[in-house]
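Peer 1: My questions will all concern the structure given below.
Read-outs: derived from the displayed coordinates by stated rules, not from any lab. Fair warning: this is a prediction, and the values are worked out from it, not measured in the lab. Note: ideal-geometry Cβ built from the backbone for every residue, glycine included; neighbour counts use all protein chains shown.
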Amino acid sequence: MSDPEQASAQWADAAEWFAKADEDIRAADLLLAADPPLIDLAAFHCQQAAEKLLKALLVAAAVRAPRIHDLEALAVLAVPIYPRLAQRMSDFAPATAWIARSRYPSGFGGGAGTDAQEVADVLASVKAFRGEAAALAPFPV
């Protein structure tokens, strides 16, 4: 396979990650729009969208995406490949804490602490990141 064919195949694999991230973005939007908002679930899906987008970029660059949820650790792998996106990655890195906080009661590492505006702000960063990351693909993702 030639280099352009290999790159296209890698981006095709990455497109699957983008599609899953899009589902999480949509879920976060719907959960924030609920009355009352389902903040913890929205935070979880927001974190998941960011994680999947970072993994998409790694896959597109032929880097095996590790099975971790730590957005900062994933960004450490992605920033050298995509330095132009470094600021966006740091904008949503704190959402790593939402993976436990949103899923478990306070006695088990979870609990309150995230508000709807904070989730909405990070979700806006994730959406902007998605657009900038997708623009790097050789075809629409």
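Peer 1: Efficiency by 1/(1 + (r/R0)^6): what FRET value for residue 76 and residue 33, r their Cβ-Cβ distance, R0 = 30 Å, to the nearest 0.05?
Peer 2: Working: r = 33 Å, r/R0 = 1.11.
Approximately 0.35, to the nearest 0.05.
Peer 1: Per the Kirkwood definition applied to all pairs of different Cα atoms, how many angstroms is the hydrodynamic radius of segment 1-103?
Peer 2: Numbers: mean 1/r = 0.0703 Å⁻¹.
Value: 14.2 Å, from the Cα pair sum.
Peer 1: Below 18 Å, Cα to Cα, which aspartates and glutamates can residue 20 reach? Residues fewer than 8 away in the same chain don't count.
Peer 2: Reachable aspartates and glutamates: 29, 51, 70, 132.
Peer 1: Give the residue from 15, 4, 69 lying farthest towards the positive end of the charge dipole for segment 1-69; charges sit on Cβ (+1 for Lys and Arg, -1 for Asp and Glu) and the dipole is referred to the Cα centre.
Peer 2: Working it through, the farthest residue towards the positive pole turns out to be 69.
Peer 1: Let me ask something else about it. With the crude spin-label approximation of a point 7 Å out along Cα→Cβ, what separation in nm comes out for residue 69 versus residue 8?
Peer 2: Computed distance between label sites residue 69 and residue 8 equals 3.8 nm.
Peer 1: Here's another thing I want to ask about it. Could you work out [θ]222 nm for the chain from helices alone, using -39500 (n - 2.57) per DSSP H run of at least four and dividing by all its residues? Round to the nearest 500 deg cm²/dmol.
Peer 2: Numbers: 6 runs with 91 residues, N = 141.
Rounded to the nearest 500, the figure is -21000 deg cm²/dmol.
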